[in-house]
Each structure stands twice: as C-alpha cells, then as structure tokens.
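Structure first, then comments.
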Amino acid sequence: MAKATRQRGFEYFGVADHSKSAHYAGGLSVEQIAQQHREADRLNKRFGKDFRILKGIESDILADGSLDYDDDVLERFDFVVASIHGRFKLDRKAQTQRLLRAISDPHTTIIGHMTGRQLQRRPSYEIDVEKVLRACAKHDVVVEINAHPWRLDLDWRWHQAALEFGCMLSINPDAHSIPELDHMHWGVLMARKGGVSADRVLNAMTLAEITRYFRQKRCSLARAA
Ligand SMILES: [Zn+2]
C-alpha cells in the first residue's frame, strides 16, 4: 500500500487499520500493532527522506464515547482516527454525547465518517452535526471527508459550516486495497464542491508540515497528562 501510494505521487501514507473491537474486520491486537510499527520503521528507513509511512489507527468509539485502546497504546501512534462502527441506534442526545466525549479525548486526531451514512444503504445515525463540528474546532480535532463513494461523509453541504466554525478537514480514501487509494479523487471533488481550500485540508500539508502538526498535537497530549 505504501509503495502504491508513493507511486501515485504522494509524500506520505497514513496507515490506519481497524482497531481491536473490529475483529470482524481484521482489527489489530496490541501485539499486531507493535509488529506493524516495526515494519513501518523498517520501510521508512528504506524510503529515505522524501516518503514516509505515518502510523495511525482507526480506533472504535465505544458506546460510552471512550476509545477502544488504553492511553499507553494510543500514544504510540502518529495519529488516531476515532470512528463509530456500531450501536447506531442510540438517540440523538446520547449519540451526540458519545461523539463529544471522543472529540474531547486528547488522543483523537481525526473523527472518521462523522455521520455514518452509507449512500443508498443506510441513513446517518442521529447526531447534532453542528454541535459536533463546533466541538471539533474547539478541541483541534480534524473532520474527515471520507472519499469512499459509499460514504462521502462529511457531506459537502456541511463543509462551509465546518470551515466557519474553524475546523480543519482531512480527505481520506478509506482504502482497504490498493485500487481503493484512488477514491481520493472523489474526496477532492467533494471538498471542491463544498468550497474547501487546500489550506484547510490536513493531508494537503507537506510531509514536513504534517509531521510538525502531529508532533505539536503529541506535545499538547503530554501537557494534558
Ligand atoms: Zn470506519
């Protein structure tokens, strides 16, 4: 995947496998995370300065809004995408609270596919999108524009509001295979349709910039501890 990403002209590949709660989807155990990080370090040495694998995880947001790894595990990543993958039926208040708790967790870098909708398959779960976006801006949590054609979530109709509140966005392919890396294209089109400029997109940053961004986030994590 990293090589294919590099071939497509990107400067970095943010790997973000599913987390341990998602065993149905090959979620990583703590031991597998260590293994993956060793492999990333090995490949990064080989890639040299102009390409890098950034170590991430898509951590499940549990029903109470907590993330599904302990803090000492979450601290090993460059970035953490926090997403809801179950318990879609909570009422609007509880579902919103659940997301707000995940956003206020200092380990959370990005909120993945915020509303959970899948086009032509299922509607979004009930949340107060405005409240959630405002919380993301407040806690410096980036909002994903999921580029998978089934998702395209955050919906482009919310992009201007997200920008107004002060959010940064990140266009992520949700790729589970090499061909799916090219979903990026749809995400970029949606961001353009929503009027999002590159300076508000996390992964439009250069490798040096995004590395600095993640480092700063980790410093504030250390301060919070
Ligand atoms: Zn997901």
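The values are calculated or read from the model by the stated rules, or taken from the named source; none is laboratory data. If you're wondering where the values come from, they're calculated on a predicted model, not measured in any experiment. So basically every Cβ, Gly included, is an ideal-geometry build from the backbone, and we count neighbours across all protein chains shown.
Consider the stretch 5-54. How many of its residues are within 16 Å of the ligand (Cβ to nearest atom), at negative phi and of a type outside the set (A, V, I, L, M, F, W, C)?
Residues meeting the conditions: 9.
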- request: Could you tell me whether I111 is of a type in the set (A, V, I, L, M), touching a Cys at 6+ places or on another chain (Cβ under 8 Å), within 16 Å of the ligand (Cβ to nearest atom) and closer than 27 Å to H185 by Cβ?
  value: yes
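Give the residue, chosen from S177, S104, that is of a type in the set (S, T, N, Q), within 16 Å of the ligand (Cβ to nearest atom) and surrounded by fewer than 14 Cβ atoms within 10 Å (Cβ to Cβ).
Only one candidate passes the filter, namely S177.
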message: I'd like to check something: does the stretch 167-177 contain any residue that is closer than 21 Å to F214 by Cα and more than 13 Å from the chain's Cα centre (by Cα)?
response: yes
statement: Only one of E126, E75 is under 20 Å from W156 (Cα atoms) and away from the ligand (no atom under 16 Å from the Cβ), namely E126
message: Cβ-Cβ under 7 Å, sequence separation 6+ or interchain: first residue in the stretch 155-170 and over 17 Å from I127 (Cα atoms), partner acidic (D, E) and surrounded by fewer than 22 Cβ atoms within 10 Å (Cβ to Cβ). Which pairs?
response: none
field: Residue ID - surrounded by the most Cβ atoms within 10 Å (Cβ to Cβ), chosen from residues in the stretch 36-57 that are more than 20 Å from D72 (Cβ to Cβ) and in contact (Cβ under 8 Å) with a residue 12 or more places away in the chain
entry: I53
field: Residue, nearest to V129 (Cα to Cα), within the stretch 63-72, restricted to residues that are touching a residue at least 24 places away in the same chain (Cβ under 8 Å) and away from the ligand (no atom under 14 Å from the Cβ)
entry: G65
field: The lone exception for A162 - which of (1) under 30 Å from A222 (Cβ atoms); (2) crowded, with 22+ Cβ neighbours inside 10 Å; (3) within 16 Å of the ligand (Cβ to nearest atom) it fails
entry: (3)
task: Could you run through the stretch 79-98 and say how many residues are within 14 Å of the ligand (Cβ to nearest atom) and assigned to a helix (DSSP H, G or I)?
output: 0
statement: Scanning the stretch 18-56 for residues that are touching a helix residue (DSSP H, G or I) at 6+ places or on another chain (Cβ under 7 Å) and charged (D, E, K, R) gives R52, K55
field: Filtered residue count, the stretch 160-204, keeping only those that are assigned to a helix (DSSP H, G or I) and among the hydrophobic types (A, V, I, L, M, F, W, C)
entry: 14
task: Scan the stretch 1-22 and report the pairs whose first residue is over 27 Å from Y69 (Cβ atoms) and whose second residue is of a type in the set (D, E, K, R) and part of a loop (DSSP other than H, G, I, E, B), with Cβ atoms within less than 8 Å and a gap of 6+ or a chain change.
output: E11/D50
query: So which of I33, I53 ends up being in a helix (DSSP H, G or I), at pLDDT 95 or above and under 19 Å from the mean Cα position of the chain (by Cα)?
result: I33
query: Does L154 satisfy being within 16 Å of the ligand (Cβ to nearest atom) and not polar (S, T, N, Q)?
result: yes
field: D140 being within 14 Å of the ligand (Cβ to nearest atom) and either in a loop (DSSP other than H, G, I, E, B) or of a type in the set (D, E) (or both)
entry: no
